[in-house]
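The values are calculated or read from the model by the stated rules, or taken from the named source; none is laboratory data. Note that the structure is a prediction, hence the values are computed from the model and not measured. Quick reminder, even Gly has a Cβ in these numbers, built from the backbone with ideal geometry, and neighbours come from all protein chains shown.
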Amino acid sequence: MRLITTIAFLFMMAINAYAQEEEVVENYDSWNKLALNISYVCWAIGLLIALGYFVRLSSVKGGKDKYDFINKHEISSLWIAVIVLITGGCFFANATITHLTPVLIGVRIFVTAAMGLIVAVIVQNLLKFYYPFYIEKRLKVLRYMPRISPKTGKPMKLLSEEEEDAYLDEGMQAEENVFSVDYDVWKDEETGFIQIEKYAGHLHALQCPECNYQTFKVTKEEIIKQPTELESGEIVKHYQCGYCGYKAKKSVILKQQSKIEQSAATA
Ligand SMILES: [Zn+2]
């Protein structure tokens, strides 16, 4: 990045010595006005995209649906908004032109594009490596927020890993073991009403033990040994960090289960 600015600066210096050319046009008022208006429009659109996302999010009902909505749309919506805002900034930076030559036009385009790219790369990194911490915190709150029973209107109870097995069929249990999937089971203790929510773990990054960013993801799952009715099986999960590239393997023992092949096939 520093290289780009240095090159741009040297380029400008060389051009300044050279730029004894004639002006392209005498008056830049109409361009300046146009550029200013385009920048205002871009900023308005960018803000509307970001605002629109949060309005849509607030209209999503229920912890689980909100959770999925944030996971799916938040970073991409903010990223699009930022690109539009930066485009507006590029026009704004060129809305006070008083003097221009053909060479200076090239310089302006080059410098504007370079600056725009630098800002975009910085924001992209923030969204990719820092923002997930903030998202993760909010997702955790949404996931464990007490669910309200539609039968009684009272909060339900989140069952523990052991308790929930009674309500998950074998396909679901195999999925929980083999794939990076998690089921949460909420129970209304008064009426026995059950609500099951599925969370896809592999979409979800963990904190990297090496660089501590929230960028540690399952990349591959290998079944070393299928569990049978008599013996337990084994699966190896491969993790890789999207930031520093740190890799790790984790071996998970699969409980012996009847009909595991069938359930693994349907999962
Ligand atoms: Zn890392």
Seminar exercise, completed: So, first residue part of a helix (DSSP H, G or I) in the stretch 101-124, second residue loosely packed, with under 14 Cβ neighbours inside 10 Å, Cβ within less than 6 Å, six or more apart or across chains; the pairs are 118/1
For this session: Report the residue count in the stretch 172-221 for those that are away from the ligand (no atom under 16 Å from the Cβ), more than 30 Å from residue 154 (Cβ to Cβ) and modelled with pLDDT of 75 or more.
Result: 2
Exercise. Among all residue pairs at least 6 apart or on different chains, which show Cβ distances below 6 Å where the first residue, located in the stretch 240-267, is more than 14 Å from residue 173 (Cα to Cα) and the second is modelled with pLDDT of 85 or more and assigned to a helix (DSSP H, G or I)?
Worked result: 243/129
